[in-house]
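Visitor: Questions regarding the structure given below will be posed in turn.
The values are calculated or read from the model by the stated rules, or taken from the named source; none is laboratory data. Keep in mind that this is a model prediction, so the values were computed, not measured. Don't worry about glycine lacking a Cβ; one is built from the backbone with ideal geometry, like all the others, and counts go over all protein chains shown.
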Amino acid sequence: MRITRFRAAALALVSLSVLATAGCARRGNRADTPYVARDVGTLYSAAKLRLDRHDYKLAAALFDEVERQHPYSIWARRAQLMGAFSYYLDRDYTNAIQSAQRFLSVHPGNRDAPYAYYLVALSYYEQINDVTRDQKISQQALDALGELMRRYPNTRYAADARLKVDLVRDHLAGKEMEIGRFYEDRGQWLAASMRFRAVVDQYDTTTHAPEALMRLTETYLALGVHDEAKKSAAVLGVNYPGSKWYERAYKLIQEHPPSTVAADTGPLLPQTPATDRKRRKR
(Lines give C-alpha, C1' and ligand atoms only; values in the text may rest on other atoms or scores of the structure.)
Protein backbone atom coordinates (compact mmCIF):
# COMPACT_ATOMS: atom_id res chain seq x y z
CA MET A 1 0.00 0.00 0.00
CA ARG A 2 2.83 2.39 0.90
CA ILE A 3 4.60 1.66 -2.38
CA THR A 4 1.40 2.24 -4.34
CA ARG A 5 0.74 5.53 -2.59
CA PHE A 6 4.34 6.60 -3.09
CA ARG A 7 4.12 5.90 -6.85
CA ALA A 8 0.85 7.80 -7.12
CA ALA A 9 2.35 10.80 -5.36
CA ALA A 10 5.44 10.67 -7.59
CA LEU A 11 3.33 10.54 -10.75
CA ALA A 12 1.29 13.52 -9.54
CA LEU A 13 4.47 15.53 -8.96
CA VAL A 14 5.79 14.64 -12.40
CA SER A 15 2.49 15.66 -14.00
CA LEU A 16 2.53 19.00 -12.20
CA SER A 17 6.09 19.70 -13.27
CA VAL A 18 5.24 18.93 -16.91
CA LEU A 19 2.23 21.23 -16.81
CA ALA A 20 4.32 23.98 -15.22
CA THR A 21 7.02 23.57 -17.88
CA ALA A 22 4.41 23.70 -20.65
CA GLY A 23 2.94 26.81 -19.10
CA CYS A 24 6.34 28.52 -18.95
CA ALA A 25 7.10 27.62 -22.56
CA ARG A 26 3.81 29.08 -23.70
CA ARG A 27 4.24 32.19 -21.63
CA GLY A 28 7.23 33.08 -23.78
CA ASN A 29 5.23 33.02 -27.00
CA ARG A 30 1.51 33.27 -26.20
CA ALA A 31 0.99 36.46 -24.28
CA ASP A 32 1.77 34.92 -20.84
CA THR A 33 -1.19 32.53 -20.82
CA PRO A 34 -0.41 29.43 -18.73
CA TYR A 35 -1.74 26.10 -19.86
CA VAL A 36 -4.98 25.28 -18.08
CA ALA A 37 -7.13 22.48 -19.46
CA ARG A 38 -10.59 23.82 -20.28
CA ASP A 39 -13.47 22.68 -22.43
CA VAL A 40 -13.79 24.18 -25.87
CA GLY A 41 -16.93 26.18 -25.09
CA THR A 42 -15.39 27.86 -22.06
CA LEU A 43 -12.20 28.72 -23.93
CA TYR A 44 -13.94 30.11 -27.00
CA SER A 45 -16.39 32.15 -24.92
CA ALA A 46 -13.54 33.61 -22.86
CA ALA A 47 -11.65 34.54 -26.05
CA LYS A 48 -14.72 36.17 -27.58
CA LEU A 49 -15.35 38.11 -24.39
CA ARG A 50 -11.82 39.48 -24.42
CA LEU A 51 -12.19 40.41 -28.08
CA ASP A 52 -15.43 42.30 -27.36
CA ARG A 53 -13.62 44.16 -24.56
CA HIS A 54 -10.83 45.15 -27.00
CA ASP A 55 -8.25 43.12 -25.11
CA TYR A 56 -6.90 41.86 -28.40
CA LYS A 57 -3.63 40.39 -27.17
CA LEU A 58 -5.27 38.11 -24.62
CA ALA A 59 -8.09 37.30 -27.03
CA ALA A 60 -5.55 36.10 -29.60
CA ALA A 61 -3.81 33.96 -26.99
CA LEU A 62 -7.09 32.38 -25.89
CA PHE A 63 -8.16 31.65 -29.47
CA ASP A 64 -4.79 29.96 -29.93
CA GLU A 65 -5.53 27.89 -26.84
CA VAL A 66 -8.76 26.66 -28.43
CA GLU A 67 -6.76 25.38 -31.39
CA ARG A 68 -4.03 23.92 -29.18
CA GLN A 69 -6.24 22.12 -26.67
CA HIS A 70 -9.01 21.05 -29.06
CA PRO A 71 -7.37 20.74 -32.51
CA TYR A 72 -10.06 18.38 -33.85
CA SER A 73 -13.02 20.41 -32.67
CA ILE A 74 -15.22 22.20 -35.18
CA TRP A 75 -14.40 25.34 -33.21
CA ALA A 76 -10.67 25.02 -33.86
CA ARG A 77 -10.91 26.28 -37.44
CA ARG A 78 -12.98 29.28 -36.41
CA ALA A 79 -10.64 30.02 -33.51
CA GLN A 80 -7.64 29.92 -35.82
CA LEU A 81 -9.08 32.66 -38.00
CA MET A 82 -10.38 34.67 -35.05
CA GLY A 83 -6.91 34.51 -33.54
CA ALA A 84 -5.44 35.99 -36.74
CA PHE A 85 -8.11 38.72 -36.65
CA SER A 86 -7.28 39.49 -32.99
CA TYR A 87 -3.58 39.79 -33.81
CA TYR A 88 -4.47 42.15 -36.66
CA LEU A 89 -6.54 44.37 -34.35
CA ASP A 90 -3.63 44.36 -31.89
CA ARG A 91 -1.36 45.54 -34.74
CA ASP A 92 0.74 42.43 -34.33
CA TYR A 93 0.87 42.00 -38.07
CA THR A 94 3.59 39.35 -38.12
CA ASN A 95 1.52 36.95 -36.00
CA ALA A 96 -1.63 37.89 -37.90
CA ILE A 97 0.01 36.88 -41.19
CA GLN A 98 1.40 33.68 -39.73
CA SER A 99 -1.94 32.66 -38.20
CA ALA A 100 -3.89 33.36 -41.39
CA GLN A 101 -1.34 31.51 -43.51
CA ARG A 102 -1.45 28.55 -41.13
CA PHE A 103 -5.23 28.47 -41.50
CA LEU A 104 -4.85 28.45 -45.30
CA SER A 105 -2.28 25.67 -45.24
CA VAL A 106 -4.58 23.44 -43.18
CA HIS A 107 -7.94 24.50 -44.69
CA PRO A 108 -7.22 25.74 -48.23
CA GLY A 109 -10.73 25.01 -49.47
CA ASN A 110 -12.61 26.41 -46.51
CA ARG A 111 -15.35 28.93 -47.23
CA ASP A 112 -13.50 31.45 -45.04
CA ALA A 113 -10.30 31.16 -47.11
CA PRO A 114 -10.98 34.46 -48.97
CA TYR A 115 -11.11 36.27 -45.63
CA ALA A 116 -7.83 34.66 -44.57
CA TYR A 117 -6.18 35.92 -47.76
CA TYR A 118 -7.72 39.32 -47.07
CA LEU A 119 -6.24 39.39 -43.56
CA VAL A 120 -2.80 38.58 -44.94
CA ALA A 121 -3.07 41.39 -47.51
CA LEU A 122 -4.37 43.89 -44.93
CA SER A 123 -1.57 43.02 -42.52
CA TYR A 124 1.01 43.85 -45.19
CA TYR A 125 -0.92 46.92 -46.32
CA GLU A 126 -1.04 48.43 -42.82
CA GLN A 127 2.76 48.27 -42.61
CA ILE A 128 3.46 50.35 -45.72
CA ASN A 129 6.10 52.96 -44.92
CA ASP A 130 6.70 56.49 -46.09
CA VAL A 131 8.23 56.72 -49.59
CA THR A 132 11.53 57.83 -48.07
CA ARG A 133 11.97 54.34 -46.57
CA ASP A 134 12.38 50.85 -48.01
CA GLN A 135 9.29 49.67 -49.90
CA LYS A 136 9.70 45.90 -49.66
CA ILE A 137 6.54 45.69 -47.55
CA SER A 138 4.63 47.65 -50.22
CA GLN A 139 5.55 45.06 -52.83
CA GLN A 140 4.49 42.28 -50.46
CA ALA A 141 1.16 44.04 -49.98
CA LEU A 142 0.73 44.36 -53.74
CA ASP A 143 1.51 40.66 -54.23
CA ALA A 144 -0.92 39.59 -51.48
CA LEU A 145 -3.70 41.80 -52.85
CA GLY A 146 -3.08 40.43 -56.32
CA GLU A 147 -3.27 36.86 -55.03
CA LEU A 148 -6.60 37.58 -53.39
CA MET A 149 -8.05 39.10 -56.57
CA ARG A 150 -6.76 36.23 -58.69
CA ARG A 151 -8.21 33.51 -56.50
CA TYR A 152 -11.49 35.14 -55.48
CA PRO A 153 -12.29 37.89 -58.02
CA ASN A 154 -16.01 38.04 -57.26
CA THR A 155 -15.85 38.49 -53.51
CA ARG A 156 -16.32 41.73 -51.59
CA TYR A 157 -12.75 41.35 -50.34
CA ALA A 158 -11.47 41.46 -53.93
CA ALA A 159 -13.46 44.64 -54.56
CA ASP A 160 -11.72 46.36 -51.67
CA ALA A 161 -8.39 44.89 -52.77
CA ARG A 162 -8.72 46.57 -56.19
CA LEU A 163 -8.98 49.97 -54.53
CA LYS A 164 -5.97 49.26 -52.36
CA VAL A 165 -3.93 48.04 -55.34
CA ASP A 166 -4.27 51.48 -56.95
CA LEU A 167 -3.07 53.13 -53.74
CA VAL A 168 -0.11 50.76 -53.38
CA ARG A 169 0.92 51.26 -57.01
CA ASP A 170 0.77 55.02 -56.51
CA HIS A 171 2.95 54.60 -53.44
CA LEU A 172 5.52 52.51 -55.30
CA ALA A 173 5.56 55.08 -58.12
CA GLY A 174 6.16 57.77 -55.50
CA LYS A 175 9.21 55.87 -54.29
CA GLU A 176 10.63 55.71 -57.82
CA MET A 177 10.05 59.46 -58.19
CA GLU A 178 11.77 60.11 -54.87
CA ILE A 179 14.88 58.24 -56.00
CA GLY A 180 14.76 59.82 -59.45
CA ARG A 181 14.65 63.34 -58.02
CA PHE A 182 17.52 62.42 -55.69
CA TYR A 183 19.69 61.46 -58.67
CA GLU A 184 18.56 64.46 -60.69
CA ASP A 185 19.48 66.91 -57.91
CA ARG A 186 23.00 65.48 -58.01
CA GLY A 187 23.34 65.67 -61.76
CA GLN A 188 23.20 61.89 -62.25
CA TRP A 189 21.02 62.24 -65.30
CA LEU A 190 21.14 58.68 -66.62
CA ALA A 191 20.26 57.10 -63.27
CA ALA A 192 17.46 59.64 -62.84
CA SER A 193 16.04 59.01 -66.30
CA MET A 194 15.89 55.26 -65.62
CA ARG A 195 13.75 55.84 -62.52
CA PHE A 196 11.41 58.23 -64.32
CA ARG A 197 11.15 55.82 -67.25
CA ALA A 198 10.17 53.04 -64.81
CA VAL A 199 7.27 55.18 -63.59
CA VAL A 200 6.09 55.87 -67.15
CA ASP A 201 6.37 52.20 -68.17
CA GLN A 202 5.13 50.45 -65.02
CA TYR A 203 2.91 53.00 -63.25
CA ASP A 204 1.47 55.01 -66.12
CA THR A 205 -2.00 55.19 -64.54
CA THR A 206 -0.80 56.69 -61.26
CA THR A 207 -0.82 60.35 -60.25
CA HIS A 208 2.97 60.49 -60.70
CA ALA A 209 2.97 59.83 -64.45
CA PRO A 210 2.69 63.50 -65.59
CA GLU A 211 5.62 64.61 -63.44
CA ALA A 212 7.64 61.59 -64.54
CA LEU A 213 7.22 62.61 -68.20
CA MET A 214 8.27 66.17 -67.42
CA ARG A 215 11.32 64.93 -65.48
CA LEU A 216 12.19 62.68 -68.41
CA THR A 217 12.12 65.75 -70.63
CA GLU A 218 14.54 67.47 -68.23
CA THR A 219 16.96 64.58 -67.95
CA TYR A 220 16.96 63.83 -71.69
CA LEU A 221 17.78 67.47 -72.42
CA ALA A 222 20.59 67.32 -69.87
CA LEU A 223 21.91 64.17 -71.57
CA GLY A 224 21.76 65.88 -74.95
CA VAL A 225 19.15 63.56 -76.52
CA HIS A 226 16.77 66.24 -77.71
CA ASP A 227 14.59 63.92 -79.78
CA GLU A 228 13.79 61.76 -76.76
CA ALA A 229 13.05 64.85 -74.69
CA LYS A 230 10.71 66.06 -77.39
CA LYS A 231 8.92 62.70 -77.50
CA SER A 232 8.40 62.73 -73.72
CA ALA A 233 6.99 66.23 -73.89
CA ALA A 234 4.73 65.20 -76.76
CA VAL A 235 3.32 62.24 -74.82
CA LEU A 236 2.78 64.56 -71.87
CA GLY A 237 0.97 67.06 -74.08
CA VAL A 238 -1.33 64.42 -75.57
CA ASN A 239 -2.29 62.81 -72.27
CA TYR A 240 -2.16 65.78 -69.87
CA PRO A 241 -2.57 68.90 -72.03
CA GLY A 242 -3.80 71.19 -69.27
CA SER A 243 -1.35 70.20 -66.56
CA LYS A 244 1.38 72.35 -65.08
CA TRP A 245 3.86 69.60 -65.98
CA TYR A 246 3.11 69.96 -69.68
CA GLU A 247 3.54 73.72 -69.52
CA ARG A 248 6.96 73.26 -67.89
CA ALA A 249 7.99 70.61 -70.41
CA TYR A 250 6.87 72.76 -73.34
CA LYS A 251 8.82 75.72 -71.96
CA LEU A 252 11.94 73.56 -71.57
CA ILE A 253 11.75 72.40 -75.19
CA GLN A 254 11.38 75.99 -76.39
CA GLU A 255 14.34 77.12 -74.30
CA HIS A 256 16.60 74.30 -75.51
CA PRO A 257 16.28 73.99 -79.28
CA PRO A 258 18.35 71.25 -80.94
CA SER A 259 21.63 72.26 -82.54
CA THR A 260 20.63 70.58 -85.81
CA VAL A 261 17.18 69.56 -87.00
CA ALA A 262 16.50 67.42 -90.06
CA ALA A 263 14.59 69.32 -92.74
CA ASP A 264 11.96 66.61 -93.21
CA THR A 265 11.25 66.19 -89.46
CA GLY A 266 7.89 67.66 -88.53
CA PRO A 267 7.06 69.04 -85.10
CA LEU A 268 6.43 66.33 -82.53
CA LEU A 269 4.86 68.61 -79.96
CA PRO A 270 1.17 69.46 -79.95
CA GLN A 271 0.02 73.06 -79.90
CA THR A 272 1.01 75.27 -76.98
CA PRO A 273 -1.28 75.20 -73.95
CA ALA A 274 -2.57 78.68 -74.86
CA THR A 275 -3.41 77.61 -78.44
CA ASP A 276 -5.14 74.48 -77.14
CA ARG A 277 -7.33 76.57 -74.89
CA LYS A 278 -8.30 78.85 -77.78
CA ARG A 279 -9.25 75.90 -79.94
CA ARG A 280 -11.45 74.43 -77.22
CA LYS A 281 -13.27 77.76 -76.87
CA ARG A 282 -14.17 77.67 -80.55
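Visitor: Looking at this structure, is R169 of a type in the set (K, R) and in a loop (DSSP other than H, G, I, E, B)? Let's see the steps before the verdict.
Guide: Values: of a type in the set (K, R): yes; in a loop (DSSP other than H, G, I, E, B): no.
When the stated conditions are applied, R169 does not pass them.
Visitor: Just a yes or no: is a residue in the stretch 30-43 closer than 28 Å to I128 by Cα, out of contact with any strand residue (DSSP E or B) (no Cβ under 7 Å at 6 or more places or on another chain) and modelled with pLDDT under 75? Step through it out loud before you land on a result.
Guide: Residues of the stretch 30-43 that are closer than 28 Å to I128 by Cα, as a first pass: 30-31.
Subsequent filtering for residues that are out of contact with any strand residue (DSSP E or B) (no Cβ under 7 Å at 6 or more places or on another chain) retains 30-31.
Still in the list and also modelled with pLDDT under 75: 30-31.
The answer is yes; a qualifying residue exists.
Visitor: Across the stretch 202-218, what is the total count of residues that are touching a residue at least 12 places away in the same chain (Cβ under 8 Å) and in a loop (DSSP other than H, G, I, E, B)?
Guide: Qualifying residue count for the region: 5.
Visitor: Examine the stretch 116-139 for a residue that is among the acidic types (D, E), assigned to a helix (DSSP H, G or I) and over 28 Å from V66 (Cα atoms), and state whether such a residue exists. Quick ask: steps written out before the conclusion?
Guide: Restricting attention to the stretch 116-139, the residues satisfying the condition of being among the acidic types (D, E) are 126, 130, 134.
With the extra rule that they be assigned to a helix (DSSP H, G or I), the set shrinks to none.
Within the stretch 116-139 (the criterion being among the acidic types (D, E), assigned to a helix (DSSP H, G or I) and over 28 Å from V66 (Cα atoms)), the answer is no, since none of the residues qualifies.
Visitor: Can you tell me which residue is nearest to M177 (Cα to Cα) among those in the stretch 131-148 that are surrounded by fewer than 20 Cβ atoms within 10 Å (Cβ to Cβ) and either among the hydrophobic types (A, V, I, L, M, F, W, C) or in contact with a His (Cβ under 7 Å, 6 or more places away or on another chain) (or both)?
Guide: The selected residue is V131.
Visitor: Here's another thing I want to ask about it. Quickly run through the stretch 60-111 and pick out the residues that are assigned to a loop (DSSP other than H, G, I, E, B) and closer than 17 Å to A141 by Cα.
Guide: Once the filter is applied, which keeps residues that are assigned to a loop (DSSP other than H, G, I, E, B) and closer than 17 Å to A141 by Cα, the stretch 60-111 yields R91, D92.
Visitor: Identify all residues within the stretch 140-162 that are outside any helix (DSSP H, G or I) and free of Cβ contacts under 8 Å to residues at least 40 places away in the same chain; write none if there are none.
Guide: The answer is Y152, P153, N154.
Visitor: While we're here: How about the stretch 69-93: which of its residues are farther than 17 Å from Y118 by Cβ and either free of Cβ contacts under 8 Å to residues at least 24 places away in the same chain or of a type in the set (A, V, I, L, M) (or both)?
Guide: Passing the criteria: P71, Y72, I74, A76, A79.
Visitor: Looking only at residues in the stretch 116-130 that are in contact with a helix residue (DSSP H, G or I) (Cβ under 8 Å, 6 or more places away or on another chain) and surrounded by fewer than 17 Cβ atoms within 10 Å (Cβ to Cβ), which one is farthest from E176 (Cα to Cα)?
Guide: E126
Residue by residue, here is whether (1) in a helix (DSSP H, G or I); (2) buried (at least 17 other Cβ atoms within 10 Å of the Cβ); (3) of a type in the set (D, E); (4) modelled with pLDDT under 95 holds:
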| residue | (1), (2), (3), (4) |
| --- | --- |
| Y220 | yes, yes, no, no |
| Q254 | yes, no, no, yes |
| P257 | no, no, no, yes |
| T260 | no, no, no, yes |
| D264 | no, no, yes, yes |
| P267 | no, no, no, yes |
| Q271 | no, no, no, yes |
| A274 | yes, no, no, yes |
